[in-house]
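These notes are about the structure you will find just below.
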């Protein structure tokens, strides 16, 4: 009797072993949850540059992924200082981020001029520009998911405490901001001063600078509406914010989820532009409601203003990054 039981147990064990070897791993092992930790350069309170992306892109992807992938929004500058975001993504400290390109142009050669693209994000995905930029990112150990703020031109705005009307009025102005705008200032004949965003309000209030360039949202967040007399129109260029993902992390994502993420980012880029333009006009009105006056340059002055800003920026970029990177980007951003 005991021998019979032993035989039965042995046979049963062999059957179970064979079954175990023949079936694929459990579904839970195949579909291990992938978490992408995200940090933004913008504070969580920023509706246009933080909350809209979370609601319209990340929350939607989390829903479509059905638990297989989760984008975990860790926060803004309080988590990782914006100038350190690029290195944090490249090293894998965080998986992805929204970063102005000026903050990580040392890691991705040439990317510091991406805001001067004449193409919409939709066009860049059709004419090969997106793929070309992505190849540059990959060499730096990152995947270029897309433009975190796919805006129309006019995103950047000059705020002044001295009135301007014609070309001569810009000469000698003391203008502050990040190095992204130094070339523009030089092109306009102004004097450039490097300022951290946290110093914008104080520098304008104390007269350290006559003006500066930033977005309407950053300007409002740092209280420029209380220290600026003039808002110059037209604005110029597009937003410089991109969303890089650590390349190793991206490669660990199953192909079907990668495809879904790419499609969702493309759709988000397409709807962001009209939304942002509406918000931009609302924020400019907030400046005028606070007492600032809008200076609308004449067509000739406006044309000179945008062209001089752009040429100055290209020249400055070439000086700072000698070699092939900037000429390559300029060819990429030249309409045929």
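The values are calculated or read from the model by the stated rules, or taken from the named source; none is laboratory data. Computed from a predicted model, the values in this text were never measured in an experiment. FYI the Cβ positions are ideal-geometry reconstructions off the backbone, even for glycines, and counts take in every protein chain you see.
Tabulated results
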| read-out | value |
| --- | --- |
| Which numbered condition residue 112 misses (of (1) at pLDDT 95 or above; (2) in contact with a helix residue (DSSP H, G or I) (Cβ under 7 Å, 6 or more places away or on another chain); (3) in a helix (DSSP H, G or I)) | (1) |
| Positions within segment 124-163 being closer than 25 Å to residue 49 by Cβ and assigned to a helix (DSSP H, G or I), in sequence order | 124, 125, 129, 130, 133, 134, 136, 137 |
| Residue match in segment 153-162 (condition: over 22 Å from residue 314 (Cβ atoms) and surrounded by fewer than 16 Cβ atoms within 10 Å (Cβ to Cβ)) | yes |
| Qualifying residue in segment 93-104 (condition: part of a loop (DSSP other than H, G, I, E, B) and modelled with pLDDT under 95) | yes |
| Subset of segment 247-256 (residues that are surrounded by fewer than 17 Cβ atoms within 10 Å (Cβ to Cβ) and in a helix (DSSP H, G or I)) | 248, 251, 255, 256 |
| Complete set of residues in segment 85-104 that are more than 12 Å from the chain's Cα centre (by Cα) and under 24 Å from residue 237 (Cβ atoms) | 89 |
| Qualifying position, being in a helix (DSSP H, G or I), assigned by TED's automatic domain parsing to the domain that holds residue 225 and under 24 Å from residue 110 (Cα atoms), among 288, 310 | 310 |
| Identity of the residue in segment 64-82, in contact with a strand residue (DSSP E or B) (Cβ under 9 Å, 6 or more places away or on another chain) and in a helix (DSSP H, G or I), that ends up nearest to residue 249 (Cα to Cα) | 65 |
| Helices (runs of 4 or more DSSP H) within segment 165-235 that include 3 or more residues closer than 24 Å to residue 281 by Cβ and in contact (Cβ under 8 Å) with a residue 24 or more places away in the chain | 200-205, 216-221 |
